[in-house]
1. Can you tell me which condition Ile376 does not meet? The list is (1) part of a strand (DSSP E or B); (2) within 16 Å of the ligand (Cβ to nearest atom), and all the others hold.
2. One residue is enough: does region 388-397 have a residue meeting the conditions within 26 Å of Ala457 (Cβ to Cβ), acidic (Asp, Glu) and surrounded by fewer than 23 Cβ atoms within 10 Å (Cβ to Cβ)?
3. May I ask you to verify whether Ala165 is of a type in the set (A, V, I, L, M) and within 16 Å of the ligand (Cβ to nearest atom)?
4. On the basis of being out of contact with any Ser or Thr (no Cβ under 8 Å at 6 or more places or on another chain) and assigned by TED's automatic domain parsing to the domain that holds Phe187, does Tyr104 make the cut?
5. Can you list the helices (runs of 4 or more DSSP H) lying wholly within region 205-289 that have 1 or more residues being within 24 Å of the chain's Cα centre (by Cα) and under 23 Å from Ile341 (Cα atoms)?
6. Would you tally the residues in region 128-152 being among the aliphatic types (A, V, I, L, M), more than 16 Å from the ligand (Cβ to nearest atom) and touching a strand residue (DSSP E or B) at 6+ places or on another chain (Cβ under 6 Å)?
7. State which residue is farthest from Leu74 (Cα to Cα) when the search covers only region 94-149 and only residues that are among the aromatic types (Phe, Trp, Tyr) and in contact (Cβ under 8 Å) with a residue 24 or more places away in the chain.
8. So, Gly384, is that one within 30 Å of Ser106 (Cα to Cα), surrounded by fewer than 15 Cβ atoms within 10 Å (Cβ to Cβ), free of Cβ contacts under 8 Å to residues at least 40 places away in the same chain and outside the structural domain of Tyr104 (by TED's automatic domain parsing) or not?
Amino acid sequence: MAENKKEEVVSAALKAEEKLKSQWWILDTEGELHKIEEFNFKGRDNLRKFAGYEVDKDRTVHQEPPHVTMMKALELVDYEPASDPGNMRYYPKGRMIKALLEEYVSREVGKYGGMEVETPIMYNLNHPTLANYLNRFPARQYTIESDDDKYFLRFAACFGQFLMAHDATISYKNLPFKIYELTRYSFRREQKGELTGLRRLRSFTMPDVHAMCRDLPQAKEEFMVRFKMSADVLDGIGIHNADYELGVRLTEEFWQNNKDFVVNLVKTHGKPVLVEMWRERIFYFILKWERNFVDNLDKASALSTDQIDVENGERYDIKFMEEDGTTKHPLILHCSPSGAIERDIYALLEKAAFDMKVGKRPTLPLWLAPTQVRVIPVSQDYLGVADKAAAEIEAAKIRVDVDNRDESVSKKIRDSEKEWIPYTIVIGEKESGKEKLPVRIRETGKLVEYSPSDLSAEIKGVVGDKPWRPLPMPRYMQQRPKFSG
Ligand SMILES: [Zn+2]
């Protein structure tokens, strides 16, 4: 009898392990599944690296990725020794870049139809629904005490939005019900050995748009809309299809019943993807994808993502009224179109490091460059002319500054290069009183003559309708403190 019982426990454990066991595949655009070891990765280095990283599951970091040096040298972001690791400080230029990204992503989600809300950052650990939800998430949380209660800091925007949806009156006519929040911050106590620069943090800014859907057909339709929206959002940030690899995770049952749908996702993506398949559903979702960036240390990180959640509509008792008057629980899609904003900055800097490897000058996308144009007078005598040119360019909502320091021209040009400034204009006797000014273009390394209005038009043409913010520091270099680097 005792022996039998022991045997049962062992087999139950084995069964659980079997359930957890992932099957890994490469799915090509023709809909064919390949074993990873049999797939020809020729010309698909990043997919090979991503697959290796995922199957391996080693998240520890032994080396500092290049973006860490860059984020400090450019005076964007730095570690904050007085905080818990993985909580960063943002200097004015870094704050401006982050704010622009936040504004851009929120604006795009607004166009898609996401209703922006705001919810608390802490929740009661003993709230019955949340306690149950926390148990489905083995991630480690920050907890805090207030009076006799214990709270945890949110690790996503999900619960705040679900609790709100629980109390809302929703009809099938309101579906998909799209609700959005950009959390600043979400918190996850990631392992110390995994924290690096902007790649893996303990506090991060996460745009999160949920869509409550009527049934699986509606969820699939909406899923496709968001799949494309996320690609557009990343494109706008400056992260393109060639920069990321798609991971698709699903249950065997979903795959068997929805092959065409999944293959269509891969076709839209346009290149083979990594698939993780589970024999049984072990998470709350039946299908998930992420676009993963592979960095200079061959580490992969998820950027945008979406999921079809079949559990939380019921867990949070979110209800909608069907056409026939009955109430039902919706399916819930969880999407971050950009992924964590910090991770977008990480990806942009790591891309710049890749450019350096092949001899290109590193740059940031023009709309995110803290200074877009620098004007350098060769001496104080030409400060007035420099100011006039700067004012003309600035009037077109372009971030322009003036290097009025008592430094040599060569030193000023070097500093402009160190700051990755896209356009630099040196003004001396020859340029005084002239309509056209010689502009050094960082990307091409060429010197081209522009009038201030032509230069402004060219910059506006590249930047398009992206959000804008003014210069994050004083216009005169001499008035600027140095934060780091
Ligand atoms: Zn969510």
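The values are calculated or read from the model by the stated rules, or taken from the named source; none is laboratory data. Quick caveat: nothing in here was measured; it's all calculated off a predicted structure. Cβ: placed from backbone, ideal geometry, glycine included. Neighbour counts: every protein chain shown.
1. (2) is the only condition that Ile376 fails.
2. Taking every residue of region 388-397 in turn, at least one turns out to be within 26 Å of Ala457 (Cβ to Cβ), acidic (Asp, Glu) and surrounded by fewer than 23 Cβ atoms within 10 Å (Cβ to Cβ).
3. yes
4. yes
5. 216-237, 259-269
6. Total meeting the criteria: 1.
7. If we take residues in region 94-149 being among the aromatic types (Phe, Trp, Tyr) and in contact (Cβ under 8 Å) with a residue 24 or more places away in the chain, then Tyr133 is farthest from Leu74 (Cα to Cα).
8. When the stated conditions are applied, Gly384 does not pass them.
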